[in-house]
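Okay, so here's the structure we're looking at.
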Amino acid sequence: MDQGVNAAREALLDAMVMHVPFDGWSEASLKAAARDLDMSRDEVSAICPRGAIDLAAAYHKRGDAALEMVLAQADLGAMRVRERVAFAVRSRLEASDDKETVRRGTALFALPQHAAEGAKLIWGTADTIWDALGDTSDDFNWYSKRAILSGVYSSTVLFWLGDDSVQDQATWAFLDRRIEDVMRFEKVKGQVNDNKLLKRLFAGPNWLLSQIKPPNRQMRTDLPGRWGGTK
């Protein structure tokens with residue numbers, strides 16, 4: 001996307017966000033934003049061919065970009081792993097400037113026809129977090145980490161949307177409990193790997209999973225993964 005189109009899309013997104021709390025991520029909001037900017041239907045179609053869903057996705061990705069900047073400036077080395085993850089998820093939610101706008105987006109991506117898009121966006125958020133935290137896994141753990149974090153993030157967002165506690169303190173406590181659950185699972189997994197009998201028992205499945213590799217981002221980025229040791 002060239003700079004001109006990208007700038008126009010950002011302007012249209014800014015205008016649409018003003019209408020979303022009232023009309024949702026809908027064609028009504030999109031048309032209102034276009035009127036605000038005096039954009040023609042053809043101009044809007046060129047910027048977002050799929051309509052409002054394109055701008056809803058752009059809004060989510062804008063939050064991910066803001067999160068990247070926060071994590072790049074944070075002193076992550078001074079935190080434990082669980083603290084880094086909690087800080088990242090909290091920072092991502094705080095990058096969302098309006099709960100109602102996020103609520104409307106959550107409702108949109110809960111629709112059957114948009115569920116796959118919503119799952120892809122959440123996966124992208126989890127991937128952004130793990131990349132920023134320096135994840136170097138190159139096997140099935142690459143997928144499991146992002147899948148687990150996607151679940152933690154999704155459940156925390158839903159809790160946050162209904163949280164009316166002071167400064168969302170109940171949400172941050174909920175997040176800490178979810179991360180504690182994950183760390184407990186990782187501890188059990190480590191104990192299994194340290195047990196000689198269980199390690200031999202799971203040798204076959206573990207070898208099989210070790211052959212599953214994350215996508216090569218310098219090549220095809222539209223594939224879910226790769227097989228074997230070739231990078």
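Might you let me know whether region 16-38 holds any residue that is closer than 22 Å to D127 by Cα, surrounded by 15 or more Cβ atoms within 10 Å (Cβ to Cβ) and touching a helix residue (DSSP H, G or I) at 6+ places or on another chain (Cβ under 8 Å)? Looking through region 16-38, none of the residues is closer than 22 Å to D127 by Cα, surrounded by 15 or more Cβ atoms within 10 Å (Cβ to Cβ) and touching a helix residue (DSSP H, G or I) at 6+ places or on another chain (Cβ under 8 Å). Residues in region 51-62 that are crowded, with 21+ Cβ neighbours inside 10 Å and of a type in the set (G, A, S): A52, A56, A57. Quick one: is G134 small (G, A, S), under 19 Å from L71 (Cβ atoms), assigned by TED's automatic domain parsing to the domain that holds V89 and within 18 Å of the chain's Cα centre (by Cα)? Criteria met by G134. So, of the residues in region 71-81 that are part of a helix (DSSP H, G or I) and not β-branched (V, I, T), which turns out to be surrounded by the most Cβ atoms within 10 Å (Cβ to Cβ)? The residue in question is L71.
Of all residues in region 105-125, those that are among the hydroxyl-bearing types (S, T, Y) have Cβ atoms under 7 Å from Cβ atoms of residues that are assigned to a helix (DSSP H, G or I), 6 or more apart or on another chain, in T106/V157; T106/L161; T125/D64; T125/R92; T125/Y153.
Within region 39-50, the set of residues being within 21 Å of F109 (Cβ to Cβ) and surrounded by fewer than 18 Cβ atoms within 10 Å (Cβ to Cβ) comprises P49, R50. When residues in region 125-140 are screened for being surrounded by fewer than 16 Cβ atoms within 10 Å (Cβ to Cβ) and part of a helix (DSSP H, G or I), 1 of them pass. Residues in region 157-169 that are in a helix (DSSP H, G or I) and closer than 22 Å to A107 by Cα were compared, and the one that is farthest from the chain's Cα centre (by Cα) is D168. Of the residues making up region 105-124, those that are buried (at least 16 other Cβ atoms within 10 Å of the Cβ) and among the aliphatic types (A, V, I, L, M) are L108, L121, I122.
Out of the residues in region 106-144 that are hydroxyl-bearing (S, T, Y) and more than 13 Å from A56 (Cα to Cα), state the one that is modelled with the lowest pLDDT. Selected residue: S137.
Does L30 qualify as being part of a helix (DSSP H, G or I), within 23 Å of the chain's Cα centre (by Cα) and at pLDDT 95 or above? No; evaluated as a whole, the condition is false for this residue. Just one residue in the set R103, R82 is in the same structural domain as G134 (by TED's automatic domain parsing) and either modelled with pLDDT under 95 or among the aromatic types (F, W, Y) (or both); that residue is R82. Candidates in region 82-104 are the residues that are free of Cβ contacts under 8 Å to residues at least 24 places away in the same chain and part of a helix (DSSP H, G or I); of these, the one that is surrounded by the most Cβ atoms within 10 Å (Cβ to Cβ) is F87. Find all pairs meeting these conditions: Cβ atoms under 9 angstrom apart; at least six residues apart or on different chains; first residue within region 35-47 and hydroxyl-bearing (S, T, Y); second residue assigned to a helix (DSSP H, G or I). Correct list of pairs: S40/A34.
The values are calculated or read from the model by the stated rules, or taken from the named source; none is laboratory data. As the structure is a prediction and not an experimental result, all values here were calculated from the model. When we count neighbours, we look across all protein chains shown, and the Cβ atoms used for this are built from the backbone with ideal geometry, even at glycine.
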